[in-house]
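Structure first, commentary second.
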Protein chains: 2
Amino acid sequence: MNTAPRSAPSRTGALDIGRLVDPRAIAIIGASNDPKSISGQPMRFLMQHGYRGELYPVNPKYTEIDGVACHGSIAALPVGPDLALILVAARRVPEMLRQCGEKGVRFAIVYSSGFAEAGEAGAALQRECADIAKAFGIRVIGPNCQGFVSTGANVYAGFGAPFGVGYRRGGLSLISQSGGFGCALLLMADELGIGLRHFLTTGNEADVSLLDLVDACIDDPQTSLIATYIEGLKDAHRLVEVANRALDAGKPLLAWKVGNTADGAKAAASHTANLGGASALYRTAFRQTGVIEVTDVADLGDYAQAFEAGRLPRGNRIAVVTLSGGAGILITDACAERGMSVPALSAATLERLKPIVPAFASLNNPIDLTAGILAEPKIFADALQIIADDPNIDAVAIMAAAASGGVAQAMASAIVRVYGTTDKPMMLAWNARHDMAREAYETIRAHGVPLYATPVRCGRAFAALSDYAQARRTRAAARDAQPRELARYDVDHARALLAAHQGKPGDLTEHAAQALLRDYGIATPKSALAHNRDEACAIARAIGFPLVIKVQSPDIPHKTEAGAVRVGIRDEAALAEAFDAIVGNARRHVPHARIDGVLVQEEIRDAIEMIVGIENDASFGPALMCGLGGIYAEVLKDVTFRLAPLTHDAAHAMIRELRAFAILDGARGKPPADIEALVETLVALSAMALDQRASLRELDINPLFVLPAGKGVRAGDALARLLPCVTGAAGTAESADAAGLAAALHENEHGAPAVVDG
Amino acid sequence: MNTAPRSAPSRTGALDIGRLVDPRAIAIIGASNDPKSISGQPMRFLMQHGYRGELYPVNPKYTEIDGVACHGSIAALPVGPDLALILVAARRVPEMLRQCGEKGVRFAIVYSSGFAEAGEAGAALQRECADIAKAFGIRVIGPNCQGFVSTGANVYAGFGAPFGVGYRRGGLSLISQSGGFGCALLLMADELGIGLRHFLTTGNEADVSLLDLVDACIDDPQTSLIATYIEGLKDAHRLVEVANRALDAGKPLLAWKVGNTADGAKAAASHTANLGGASALYRTAFRQTGVIEVTDVADLGDYAQAFEAGRLPRGNRIAVVTLSGGAGILITDACAERGMSVPALSAATLERLKPIVPAFASLNNPIDLTAGILAEPKIFADALQIIADDPNIDAVAIMAAAASGGVAQAMASAIVRVYGTTDKPMMLAWNARHDMAREAYETIRAHGVPLYATPVRCGRAFAALSDYAQARRTRAAARDAQPRELARYDVDHARALLAAHQGKPGDLTEHAAQALLRDYGIATPKSALAHNRDEACAIARAIGFPLVIKVQSPDIPHKTEAGAVRVGIRDEAALAEAFDAIVGNARRHVPHARIDGVLVQEEIRDAIEMIVGIENDASFGPALMCGLGGIYAEVLKDVTFRLAPLTHDAAHAMIRELRAFAILDGARGKPPADIEALVETLVALSAMALDQRASLRELDINPLFVLPAGKGVRAGDALARLLPCVTGAAGTAESADAAGLAAALHENEHGAPAVVDG
């Protein structure tokens, strides 16, 4: 995007790749004089492509390689080079890095394999490399990577045939965790005429990560588009921040995340040993921040073409213009499936079109001008202009017929003429065989109109462009929105409560979890803990029937399976019978379970059961979940995720993504549910997730009863899991246990564990 | 598939296209001497490609065209030609067809537009053409089509640049409802080197349909693969039969069905006016019969390559061999997402591989031999051979690295050598740029190894091959299966019951629908119809509490919304109160509703609520539906379909496709449900759907209570909609009303409508 603001790389801690991509001198450690070997290739590629800085091969076996003086050791080099390429066996890499550090090298690329991807011994070697890099302040790329290309200074520092190709300069920076696959993408982009800025492979990422490099490319004025190939991000928690920077900078970020099935994830783990968060969280992060997801090699080129054209649609309304009805149906399907709208043309546009188009043309959108119009290219051009000018239309897709020769050329001329008069995106799918419309293709490409081989690919690219434009609008709206005051939460109280439980065996009991929820303003059903039948009856009289009762034990997380729950209790006799029954069941289910009591709770009716929760992902950090509750949550997987923090608008959007939204919204004559209260609950959980991230691993409210509009929500059952106690925090936990716990359980008299009489 | 049995085209009523694709003489009616005009092109293309039969242009304006004598009228032709190409304006087409009929023409292609796609007047013209065709026994293709190509006799009878291309002969027959899009597919297939048998466009299908032509191509010995582009099938009810014939003949049938979104379907309707059944039923029919669904132009070529290689996998276990881990992850994702398995190699295979592969190779499947192996092509070949020979593996996918020149050629040689030693399918994804591995590509292609540009496309093609092989196995198993005796249904009784209701306003009441279900052995809860409170209490005493009560009215199909249902009634007092309340609600909801009584029914507990049903689709005929019940059915759309008739095995498969299957199978500690009883219910509904297809439009059982295993099912609520009464059948209905209805309602005393006292 040409109008993007550029920011200088001055942020604290940010990686400055200036001397990586434009090094004054490069050492090639372990350089070979066999041009076919891996260690023989990088220097030759550097020379072949005209790199102008100094080259220092280092290898005691040679005095010169290809006419360049070879040095016996790193220490013997005349200067400390900006960049070292390390091509020695894995076990020798730490020593080479140390010598680089002593010589003042800034960047090192480690090509060698045999590190974390090869088992525990390799992982230890990799940790050693990371430690050395840190000690000396060298930034290390790799190990187990294939190197990089930077077209600005002709740095082709890698091995393999793709480094022998000379790439056209341009705005694409491509960053890949896989060398081989990164090369395939690079070649594909080049074949499509997309110019390259940087191509970087990161391998095992002992030090510099893919996100570090994305971040650096956002700050690179020559980069206009960033594409990534991701197997797993160790620093996934930074993804949202980095992606938002790219969004703000107007530099589209394409991501191809692989390893999404169980088998695929296993394969990814054994490839570059990059383990990241759950697939669902990648998708979530991408969608939250306008990252364009790529799912095959062709997508990269297709989407890059769309973005390189430099036009974003103002809305999602597309006109589809065809000369053949069949193609129009396809592009309409492809766009409609991806959330774009193919609306009717405005009345004024139809007025202007009708007199000029052929008799059998169809002016419903998709607009089929019919092959007959090819006889008069002028009319085709006029019709296209009228359609492009329609204020109801944000973008135009044109499906060109299999025309050839002069007819094809006349069409192409008409298209580029209209393209020059509008700032709306226009894209073209042209099904001709290349040799039938060579000249026309060249006209189209010369004017920068994105051109696709099939309507489906055109539709997909359009949807990518539209999604990105929408993400920019959403981001701008969020920036402009009045900050909304958050509800007041009792953060300290909640922290004390969690500290009191951290390090104890088992999960937080429901009773304690409910206290935690109340600290964040999440209503729970009226309830109290009973230790015997008589207490239960007394509580029942205070709450009123019908009731639900549940055994409370940290050793029985799944109460239903244990027979430790009874619902629909309507009178005291039933209560007494049920009390004995569920305690008996619990004891049979887990013979030595610690039983803290029986929770006596009002029964919530006429509510929709949802599940909401917190997942403190090891890679991404806290994420929120919302979905349909009960056993359906698990089986039907109608759930959505967002990474914290969550705004009210984002919570609304999250709920609307659910297929179950129709149920909340009043399907089949049911009253609409209290969606506002559900939103508040999600926002509160987001705050809790961030406030308590040091101790809270996971929290599920299932079911969350969502009552009819205006009546709020009730947390029916809550399950919380804590992170292991951090050393040194135990003292705090103990004191909180004494001081805070009684208060934490403020609605009940019985804070301490007790034996049940049942 | 080379071993496919061939059947001769001798079936009664089947279309014999022998003289269409190999005509002794062709009349070109409305031929123009302007070679650029649509009506000038077909004759020139026929001459250009060397068609050897007689050509008879017909146009009173000329005496000759391009040196061929031109005739003033059809009547004036020296013989009755086998084929007439009609290129005159729409309004003159009926007269031309009539003259063709009088001259004894067998086939006519109508190119002209302006028929059903252009409104009601055009539709009338089209009907006239169909009538004339029928009267004279001419088979008409079109109108609004682009013609056809048959390579056997060099018949290139169409207009547009793609008819100027000479196509290599081969086994692909391509049949398209869209001319323009059909041409695009044709060009793509040709570019991939796939040889052509026939290319046929069908347009509006006034007479000959796409399925007629598919059927004819199944009988064509030179056709080995059939591909179709479908906007909508008017004769969709034949799809399963025709597709099964293709499956039996071993001729893979590819289908690209467009118009799947609401907007897309609208566009399809206005293109060739081919309206067909619901998208879901196309998918269902495809899946039931091994039709391979295509979703973009590239799929056709990709899948055709896979099938033309002539190898089917024996199972779904694939070995993925790569030189770059990244590509392996991708293909693993692509295969696993589509139901293929990427299993571990056998111990014996690992034993043999370990000593020969490079140190950093990963022998988990996907197997990463690493780029290092390229240094020794012999080892690559040996490793590949060992993998291909593994008995745990049914197919091998190879992801070649971006190798070039001699290294690429050595790899290609190794691959074709192994390919020659095995009958397992092998496919290749090769990411090199074409100019880097030209010779290697040629080697691969020359040996017929399918070659793909990206791993995802390779994985998709593999999955298509595997799905097809699975469909062949399923079909063979169904043929070999012992026929299972069907339960005995009271078909006549049910027919009388439906006849009694047909033609009456409103839907069948639940009470009558339940009687219908019992005729097909589908259990319903104990129930009886009460006309006042006292009757209700008497019934309640017989059935026992808890109970459900529901107002019975043909005017109130959605009882819950009307407040006309009450559940959980536990005693007589509650029953009396509820009776009055729901009758009052019903009267308020629909003031003049006819109320037949109140159904008093046992309440079913501990069951899983499903929805099952019949949809008698106007295009496809009867289809069965099964899904999760309650409001979830509508909102979550977890439903599957099958076209009737349904075998027990197919019903089992249908249930297993549901996401909700886990719930039936005993998720979260629930007892497994009575899946056998659910299967029996679906098979019974299939029988009902076929038996009663003349009167039954739609039937839903929602909920169908599926009790724990061994306890059967109960139809909780049933809604039936009837087709309009066919003229002449009213008498039957009346007599059935008198004779059969009392018997039909055999479980209750009150068969006739009655006024409620409430």
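The values are calculated or read from the model by the stated rules, or taken from the named source; none is laboratory data. Nothing here was measured: the structure is a model prediction, and the numbers come from that model. A quick note on method: Cβ atoms are made from the backbone with ideal geometry, for glycine too, and the neighbour counts reach across all protein chains shown.
Quick notes on this structure:
- Test: residue in the stretch A:191-204 that is under 30 Å from A:G448 (Cβ atoms), assigned by TED's automatic domain parsing to the domain that holds A:S39, at pLDDT 95 or above and of a type in the set (S, T, Y): no
- Among all residues of the stretch A:463-476, there is at least one that is in a helix (DSSP H, G or I) and within 14 Å of chain B (Cβ to nearest Cβ).
- Test result for B:D207, charged (D, E, K, R) and closer than 30 Å to B:L451 by Cβ: no
- Residue within the stretch B:656-674 that is farther than 28 Å from B:D606 by Cβ and either away from chain A (no Cβ under 14 Å) or aromatic (F, W, Y) (or both) present: no
- Test: residue in the stretch A:264-274 that is more than 9 Å from chain B (Cβ to nearest Cβ), at pLDDT 85 or above and surrounded by fewer than 22 Cβ atoms within 10 Å (Cβ to Cβ): no
- Strands (runs of 3 or more DSSP E) wholly inside the stretch B:135-241 containing at least 3 residues that are touching a residue at least 12 places away in the same chain (Cβ under 8 Å) and surrounded by fewer than 23 Cβ atoms within 10 Å (Cβ to Cβ): B:169-176
- With respect to the conditions (1) in contact with an Asp or Glu (Cβ under 7 Å, 6 or more places away or on another chain); (2) buried (at least 24 other Cβ atoms within 10 Å of the Cβ); (3) more than 19 Å from A:L678 (Cα to Cα), A:G613 falls short on a single one, namely (3).
- A:R19 falls short on exactly one of the conditions (1) under 22 Å from B:L374 (Cβ atoms); (2) assigned to a helix (DSSP H, G or I), and that condition is (1).
- Residue that is closer than 30 Å to A:V321 by Cβ, assigned to a loop (DSSP other than H, G, I, E, B) and of a type outside the set (A, V, I, L, M, F, W, C), where the choices are A:G448, A:G459: A:G448
- Residue in the stretch B:497-515 that is in a helix (DSSP H, G or I) and closer than 30 Å to B:L312 by Cα present: no
- Applying a threshold of 8 Å to beta carbon distances and a minimum spacing of six or more residues, or different chains, the list of pairs starting in the stretch A:335-346 at a residue that is assigned by TED's automatic domain parsing to the domain that holds A:N364 and ending at one that is in a loop (DSSP other than H, G, I, E, B) and charged (D, E, K, R) reads A:L345/A:D390; A:S346/A:D390.
- Going through (1) farther than 26 Å from B:E676 by Cβ; (2) modelled with pLDDT of 95 or more one by one, B:Y520 falls short only on (1).
- All of B:A375, B:A383, B:A347, B:A309 fail the test of being within 14 Å of chain A (Cβ to nearest Cβ) and either surrounded by fewer than 24 Cβ atoms within 10 Å (Cβ to Cβ) or on the phi < 0 side of the Ramachandran plot (or both), apart from B:A375.
Per-residue answers, yes or no, for (1) within 14 Å of chain B (Cβ to nearest Cβ); (2) under 16 Å from A:L186 (Cβ atoms); (3) touching a Pro at 6+ places or on another chain (Cβ under 7 Å); (4) modelled with pLDDT under 95:
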{"residue": "A:A206", "(1), (2), (3), (4)": "no, no, yes, no"}
{"residue": "A:S209", "(1), (2), (3), (4)": "no, no, no, no"}
{"residue": "A:D220", "(1), (2), (3), (4)": "no, no, no, no"}
{"residue": "A:T223", "(1), (2), (3), (4)": "no, yes, no, no"}
{"residue": "A:H237", "(1), (2), (3), (4)": "no, no, no, yes"}
{"residue": "A:V242", "(1), (2), (3), (4)": "no, no, no, no"}
{"residue": "A:R245", "(1), (2), (3), (4)": "no, no, no, no"}
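- Scanning the stretch A:619-632 finds no residues that are in contact (Cβ under 8 Å) with a residue 12 or more places away in the chain, over 19 Å from the mean Cα position of the chain (by Cα), over 29 Å from B:D665 (Cβ atoms) and surrounded by fewer than 24 Cβ atoms within 10 Å (Cβ to Cβ).
- The stretch B:129-155 - residue that is farther than 19 Å from B:S112 by Cβ and touching a strand residue (DSSP E or B) at 6+ places or on another chain (Cβ under 8 Å) and, of those, nearest to the other protein chains (Cβ to nearest Cβ): B:V149
- Number of residues in the stretch A:64-80 that are surrounded by 12 or more Cβ atoms within 10 Å (Cβ to Cβ) and in a strand (DSSP E or B): the value is 4.
- Residue within the stretch B:95-117 that is assigned to a helix (DSSP H, G or I), within 14 Å of chain A (Cβ to nearest Cβ), among the hydrophobic types (A, V, I, L, M, F, W, C) and touching a residue at least 24 places away in the same chain (Cβ under 8 Å) present: yes
- When the stretch B:671-684 is limited to residues that are over 15 Å from B:G629 (Cβ atoms) and assigned to a loop (DSSP other than H, G, I, E, B), the one that is farthest from the chain's Cα centre (by Cα) turns out to be B:P671.
Results for (1) touching a strand residue (DSSP E or B) at 6+ places or on another chain (Cβ under 6 Å); (2) in the same structural domain as A:D333 (by TED's automatic domain parsing); (3) closer than 18 Å to B:L186 by Cα, shown as yes or no for each residue.
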| residue | (1), (2), (3) |
| --- | --- |
| A:M427 | yes, yes, no |
| A:W430 | yes, yes, yes |
| A:I444 | yes, yes, no |
| A:G448 | no, yes, no |
| A:P455 | yes, yes, yes |
| A:C458 | yes, yes, no |
| A:A461 | no, yes, no |
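- Selected residue [surrounded by fewer than 21 Cβ atoms within 10 Å (Cβ to Cβ), within 14 Å of another protein chain (Cβ to nearest Cβ), under 29 Å from A:L300 (Cα atoms) and without any contact (Cβ under 8 Å) to a residue 40 or more places away in the chain] from B:M436, B:M411: B:M436
- Complete set of residues in the stretch B:325-339 that are more than 7 Å from every other protein chain (Cβ to nearest Cβ) and closer than 20 Å to B:A453 by Cβ: B:I331, B:A334, B:C335, B:R338
- Scanning the stretch B:559-607 for residues that are touching an Asp or Glu at 6+ places or on another chain (Cβ under 7 Å) and within 14 Å of chain A (Cβ to nearest Cβ) returns B:V567, B:G568, B:V590.
- Tallying residues that are hydroxyl-bearing (S, T, Y), within 16 Å of A:Y229 (Cβ to Cβ) and either away from chain B (no Cβ under 14 Å) or part of a loop (DSSP other than H, G, I, E, B) (or both) within the stretch A:281-306 yields 2.
- Output for the stretch B:347-379, where each listed residue is without any contact (Cβ under 8 Å) to a residue 24 or more places away in the chain and not in a helix (DSSP H, G or I): B:K354, B:P355, B:P358, B:A359, B:F360, B:A361, B:L363, B:N364, B:E376
- Residue check for A:Y51: within 23 Å of A:G164 (Cα to Cα), in a loop (DSSP other than H, G, I, E, B), touching a strand residue (DSSP E or B) at 6+ places or on another chain (Cβ under 9 Å) and assigned by TED's automatic domain parsing to the domain that holds A:F148: yes
- Any hit, the stretch B:312-324, residues being at pLDDT below 85 and away from every other protein chain (no Cβ under 13 Å): no
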